[in-house]
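K.L.:
Handing you a structure now.
The values are calculated or read from the model by the stated rules, or taken from the named source; none is laboratory data. Model, not experiment: these values are computed from the prediction. A quick note on method: Cβ atoms are made from the backbone with ideal geometry, for glycine too, and the neighbour counts reach across all protein chains shown. Calculation scope for accessible area: heavy atoms of the full protein, side chains included, ligands and nucleic acids excluded. Shrake-Rupley method; radii C 1.70, N 1.55, O 1.52, S 1.80 Å.
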Amino acid sequence: MAASKSLLDSLKKPEPTNFRMTDFRRELHLRHKREEHAKKEKLRALQESKYVSRYAITIDTSRARSNCDVLRMSIKELGFKEYPFGRKDNCCDVHWHACHFEENPEVFGGKVNKFPGMSEICSKMTLFRCLDIMRDLFPTDYDFYPRTWYLPAQFHEFSCEIRKMHERRVKPKPTFIIKPDTGAQGDGIYLLREPNEYSSLSGKCHVAQEYMSNVYLIDKFKFDFRIYVLLKSLEPLEFYICQEGLARFSTLPYENPTNKNIHESFMHLTNYSLNKRSSTFNRSDRDDEGSKRTLTSVLRRIAMNGHDSNKVWKSIERIVCKTIVAIVPEMKVEYQAAIPPGKTGPSCFQVLGFDILLLQNLKPILLEINASPSLSLDSEQEVSPGVFEYVLSPKDEEVKYPLIRDTLLHVVPIDKLKYFRKKKKQRLLKKLKASTSQKGKRPDPPVKQRTSIVIIKADESDEEKREVNVTQQMSEMHMDVDSHGDGTARDVNSDDERESNIKSDTELDEEVDNYFETKLRESCLKQLYPAIYDEECERYRILERVAGLFIFFLGIRGSLRIGPTGFRTFARKCRLNRKGMTNASVDIMYIDLQRRWDHMNPERTSGSGIKSIGKKGNGLCYQGFLDACIEIARRKFYAPTKIEMLENLVDHCELNLNLRDNDLANNLPRLHFRRLGLQYRQGSMYAMPRRVIDQMTEETTIEDLLKAHEKKLRQPSREDIEAFLRKSRRMIYQPSSGSRVISVTKSPDSE
Ligand code: ADP
């Protein structure tokens, strides 16, 4: 600031009189001054950063608020560097925000722990609308959440449904739960049985849901699970599930809803924030007791009751996958609005909290997603009547601390992490050498090492793994010592024993490998996508392609809504007029859908269910555009199922658009597959793994590539696509001949 001020002052000073203002020497003079100023600034920045190693992994916690405790613990454990007040230049590797992506708009690099617009996407209306769209396309697969109505817009449909149920004399008498769209912690939630009990006086939007009364009970109490999920990246899609979570119990024994107990929130709602106020809240520290328990203890209990808890867990994993796939198109639209292509911005990751209820038949039901799940480690305790104190909650610590520690290890820059590990390895080697040279003296157990080496990214290259293995080897040896106790444990002084402790290199290697395997298994984060559910979820990803079309035709970069001109351009460029759609019918459809979507959510001007400050206004939101696509598909691309119709439309549009190089990059694999008469897996762009590309020779056949492709399907990075493009551009345009479909010739620019 001071430096820039001095520059301004110097610029204001009268110029030397020996040249005129228009003289080119003035320009030179000014340029010289600017350069001098830049140099000084650089020097200052250098001095500032002198104290922090270039390889230090830096975390900005200035906006972490209630997440600070757990974050600080993890940072300390991992040996990273915390910036509790942020950095002047905002250049940290990770910026931790408590609520929103937009909390610090000055961040242009590193990673932020929130995706743009995520809290709006996770609001009840938008989330269930996303799921409804998927249920419409895949009715049998998206049956894991209660039937939902959006009020006040769908009040008529809602009351008709209740009336019909009454007429059918459905037993037990149906009950519904009303929740405010953006509510949390049980605020504003109530149960009702008659539509006239709904009050729209507040002017707020609500969702009405079927109340699931036949829930699984433990010790007569209702409970729900809080499952933590790390959404590591959007493009390529990658997410993990935390294998430990929480179970939150209600504090009044559960009974089916009746007119008498319908208002008992301690019986029907399981929110911790609500039930902790109850006089019967049980604060037991035991894992399998109390009103808050660990997920695994409840699963164990379910197993003890003779049920298949593994099956329950698998169903939960599937729900997580399907739900994330359902919200990804919305997330992509929001992401391009916040960070339009070409603009520099941070990349994002996010820890989400899924609330899941278990029915009597052990079917999990999704209740909601929390974009900012509570990460605080302490709980309120009543020390004397009316006097509360915050105390560390061991159960929260047990769940949230490994979650955040492992999350950090997943998201920090890999090159820095490598360097960090190398340094650690060197230190350990040094210690080890010193300890082995001192006969009879065991090295000090590096207790901290245990956890910091535990989690190694599953997607590391072999080279990294090897390097880590050595680190593991070192820590294993220390661990051996550690496991023997305080150094005085069994036969410490026996020379023979010591001799046998010095193992051969291969033995050590093996041991380290085993250790590595075990430790990898110990990570609390398990990759769900793409590692496990890649193939299963592939067909659900069709809507991402619709979102791609929507983004393509957004007139203004970074906006969230498509205007009438954009919509007309969409119809023209995708040659929908050749399919019999006139300009007039396109315009009418646009106006109709825009009105309908604005009516759906009057609370938000954007009408998409996505509030984005400064980006509101007129236009058709993504979900309206999706409706338009479904309608066009139904009219012009008829097929036996909705999903096939939509696929036909999207294929048609993409084929008409992929003439430009950029789009070609995205569509290459798809075109390639189609040209070969193979079915392309829907929804994502796959490219060859770099390893395969590098091994491509003149003799490579399509069979080889397909085999490799099948073996290791993964989402490509930009470099992958570029490399793939470079190497395969020729073969794509070369006519195929017989069974040898590809003859790969190296393009001149590939060297
Ligand atoms: P909030 O965001 O306010 O916590 P939730 O959707 O999580 O709202 O609902 C709060 C609680 O209400 C849940 O923890 C659960 O116990 C109960 N609940 C919510 N929806 C249903 C439902 N459809 N059937 C039965 N119980 C429900």
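K.L.:
Return only the number of the condition from (1) in contact with a strand residue (DSSP E or B) (Cβ under 6 Å, 6 or more places away or on another chain); (2) under 30 Å from GLU538 (Cβ atoms) that LEU151 does not satisfy.
P.N.:
(2)
K.L.:
Also, quick follow-up: Would you confirm whether any residue within the stretch 308-319 is out of contact with any strand residue (DSSP E or B) (no Cβ under 9 Å at 6 or more places or on another chain), within 19 Å of VAL215 (Cα to Cα) and within 13 Å of the ligand (Cβ to nearest atom)?
P.N.:
Looking through the stretch 308-319, none of the residues is out of contact with any strand residue (DSSP E or B) (no Cβ under 9 Å at 6 or more places or on another chain), within 19 Å of VAL215 (Cα to Cα) and within 13 Å of the ligand (Cβ to nearest atom).
K.L.:
Cβ-Cβ under 6 Å, sequence separation 6+ or interchain: first residue in the stretch 171-185 and within 14 Å of ASN256 (Cα to Cα), partner part of a loop (DSSP other than H, G, I, E, B) and within 10 Å of the ligand (Cβ to nearest atom). Which pairs?
P.N.:
From residues that are within 14 Å of ASN256 (Cα to Cα), the pairs are THR175/TYR211; THR175/PRO257; PHE176/TYR211; ILE177/TYR211.
K.L.:
Quick one: would you say THR58 is closer than 27 Å to LEU403 by Cβ and among the β-branched types (Val, Ile, Thr)?
P.N.:
Judged against the criteria, THR58 is a match.
K.L.:
A further question on this structure: Can you tell me how many residues in the stretch 197-241 are of a type in the set (A, V, I, L, M, F, W, C), away from the ligand (no atom under 11 Å from the Cβ), open to solvent by less than 10 Å² (accessible area, probe 1.4 Å) and at pLDDT 95 or above?
P.N.:
So the answer is 7.
K.L.:
Still on this structure: Does ASP406 count as surrounded by 19 or more Cβ atoms within 10 Å (Cβ to Cβ), under 17 Å from the mean Cα position of the chain (by Cα) and not in a loop (DSSP other than H, G, I, E, B)?
P.N.:
Yes.
K.L.:
Separate question: Hey, could you check the stretch 141-153 for residues that are within 16 Å of the ligand (Cβ to nearest atom) and open to solvent by 30 Å² or more (accessible area, probe 1.4 Å) and say which is farthest from MET125 (Cα to Cα)?
P.N.:
ASP143
K.L.:
Restricting to the stretch 173-196, count the residues that are more than 8 Å from the ligand (Cβ to nearest atom) and either in contact with a helix residue (DSSP H, G or I) (Cβ under 7 Å, 6 or more places away or on another chain) or part of a loop (DSSP other than H, G, I, E, B) (or both).
P.N.:
The number of residues fulfilling the criteria is 9.
For (1) crowded, with 16+ Cβ neighbours inside 10 Å; (2) modelled with pLDDT of 95 or more; (3) within 16 Å of the ligand (Cβ to nearest atom); (4) of a type in the set (Ser, Thr, Tyr), each residue gets a yes or a no:
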site: ARG63; (1), (2), (3), (4): yes, no, no, no
site: ILE75; (1), (2), (3), (4): yes, no, no, no
site: LEU78; (1), (2), (3), (4): yes, no, no, no
site: GLU82; (1), (2), (3), (4): yes, no, no, no
site: GLY86; (1), (2), (3), (4): yes, no, no, no
site: ASP89; (1), (2), (3), (4): no, no, no, no
site: VAL94; (1), (2), (3), (4): yes, yes, no, no
site: VAL112; (1), (2), (3), (4): yes, yes, no, no
site: MET125; (1), (2), (3), (4): yes, no, yes, no
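K.L.:
Mind listing just one residue for me: the one in the stretch 593-620 that is outside any loop (DSSP other than H, G, I, E, B) and open to solvent by 80 Å² or more (accessible area, probe 1.4 Å) and, of those, modelled with the lowest pLDDT?
P.N.:
HIS599
K.L.:
Determine, yes or no, whether VAL70 is in contact with a Lys or Arg (Cβ under 7 Å, 6 or more places away or on another chain), among the β-branched types (Val, Ile, Thr) and at pLDDT below 85.
P.N.:
no
K.L.:
Moving on to the next point. Search the stretch 169-184 for residues being out of contact with any Cys (no Cβ under 9 Å at 6 or more places or on another chain) and modelled with pLDDT under 90, and hand back the single one that is farthest from PHE144 (Cα to Cα).
P.N.:
Selected residue: ARG169.
Yes/no per residue for (1) more than 17 Å from PRO364 (Cβ to Cβ); (2) of a type in the set (A, V, I, L, M):
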position: PHE223; (1), (2): no, no
position: LEU234; (1), (2): yes, yes
position: PHE249; (1), (2): no, no
position: ASN261; (1), (2): yes, no
position: MET267; (1), (2): yes, yes
position: PHE281; (1), (2): yes, no
position: ASP285; (1), (2): yes, no
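K.L.:
Which of the residues spanning the stretch 197-232 are of a type outside the set (Ser, Thr, Tyr), on the phi < 0 side of the Ramachandran plot and in a loop (DSSP other than H, G, I, E, B)?
P.N.:
Result: LEU201, LYS204, CYS205, MET212, ASN214, LEU217, LYS222.
K.L.:
Now, a different point. When you scan the stretch 265-288, do you find a residue that is basic (Lys, Arg) and either within 16 Å of the ligand (Cβ to nearest atom) or within 30 Å of the chain's Cα centre (by Cα) (or both), even just one?
P.N.:
There is at least one residue in the stretch 265-288 that is basic (Lys, Arg) and either within 16 Å of the ligand (Cβ to nearest atom) or within 30 Å of the chain's Cα centre (by Cα) (or both).
K.L.:
Given the criteria surrounded by 22 or more Cβ atoms within 10 Å (Cβ to Cβ), within 30 Å of TYR211 (Cβ to Cβ) and not polar (S, T, N, Q), does LEU358 qualify?
P.N.:
Against the criterion (surrounded by 22 or more Cβ atoms within 10 Å (Cβ to Cβ), within 30 Å of TYR211 (Cβ to Cβ) and not polar (S, T, N, Q)), LEU358 qualifies.
K.L.:
Out of ARG318, ARG293, report the one residue that is open to solvent by 30 Å² or more (accessible area, probe 1.4 Å) and either modelled with pLDDT of 95 or more or under 26 Å from the mean Cα position of the chain (by Cα) (or both).
P.N.:
Exactly one residue qualifies, and that residue is ARG318.
K.L.:
To continue, here is another question. Would you confirm, using the coordinates I've provided, whether TYR254 is modelled with pLDDT under 95, within 12 Å of the ligand (Cβ to nearest atom) and open to solvent by 20 Å² or more (accessible area, probe 1.4 Å)?
P.N.:
So TYR254 fails the test.
K.L.:
Let me ask something additional. Of SER376, SER347, which residue is modelled with pLDDT of 90 or more and in contact with a helix residue (DSSP H, G or I) (Cβ under 6 Å, 6 or more places away or on another chain)?
P.N.:
Sole residue among the options that is modelled with pLDDT of 90 or more and in contact with a helix residue (DSSP H, G or I) (Cβ under 6 Å, 6 or more places away or on another chain): SER376.
K.L.:
Then there is this: Looking at VAL387, VAL383, VAL351, which one is in contact with a Pro (Cβ under 7 Å, 6 or more places away or on another chain) and either open to solvent by 30 Å² or more (accessible area, probe 1.4 Å) or closer than 30 Å to ARG286 by Cβ (or both)?
P.N.:
Sole residue among the options that is in contact with a Pro (Cβ under 7 Å, 6 or more places away or on another chain) and either open to solvent by 30 Å² or more (accessible area, probe 1.4 Å) or closer than 30 Å to ARG286 by Cβ (or both): VAL351.
K.L.:
Tell me, which residue of the stretch 360-403 that is of a type in the set (Asp, Glu) and in a strand (DSSP E or B) is farthest from the ligand (Cβ to nearest atom)?
P.N.:
Step by step, filter the stretch 360-403, then rank; the result is GLU389.
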